[in-house]
Each structure stands twice: as structure tokens, then as C-alpha cells.
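Below: one structure, written as C-alpha cells.
The values are calculated or read from the model by the stated rules, or taken from the named source; none is laboratory data. These figures come from a predicted structure and were not determined experimentally. Glycine also receives a Cβ, built like all others from the backbone with ideal geometry; neighbour counts cover every protein chain displayed. Accessible surface areas use protein heavy atoms only, side chains included; no ligands, DNA or RNA. Shrake-Rupley method; radii C 1.70, N 1.55, O 1.52, S 1.80 Å.
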Amino acid sequence: VNISCPNVHGGGMSFGTDPRQAAAVTRAVKAVTKKPVILKLSPNVTDIAEMARACEEAGADGISLINTLQGMRID
């Protein structure tokens, strides 16, 4: 489950930057599948461990670190 990209249908809200939202998404997905649920986290947070713990506590079977890092190009 890619929670590192914005939810374009929810006004651009990013599930991957709020541990409560990340946990809610994890619980919602776990409730509708028997397959393992792996969350792909965003690197654009101040505490990635907090995000991972929130997903783990909500029942994630695995954590994938990380999506694309934001950066800049200098010429």
C-alpha cells in the first residue's frame, strides 16, 4: 500500500505524513483482505520510525522504506 503519495481524491492529503492517518489506512486495508499488507512509507517526514511503528501497531505485515526522496538540481 503506497501511503507515500498524496490522496488526490481527498484534497491532496498525504497519508504518509500523519501517523494516525497511516494507521487508519493500515487498519482499513487489513479489514478487507487476508493477504499480507505491506506499507510503503514516505521519506518526507521528521520521524520515519514513528510512521513505521504506527503502521506496525495497526497490523501491517511489513514496511517498505522508502519512496522517492525530494531533491533539487543545481547547475
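Taking the criterion of being touching a Pro at 6+ places or on another chain (Cβ under 8 Å) and either within 22 Å of Gly71 (Cβ to Cβ) or at pLDDT below 90 (or both), the residues of region 5-52 that qualify are Gly12, Met13, Ser14, Met51.
Scanning region 36-47 for any residue that is farther than 17 Å from Gly16 by Cα and open to solvent by 70 Å² or more (accessible area, probe 1.4 Å) turns up at least one such residue.
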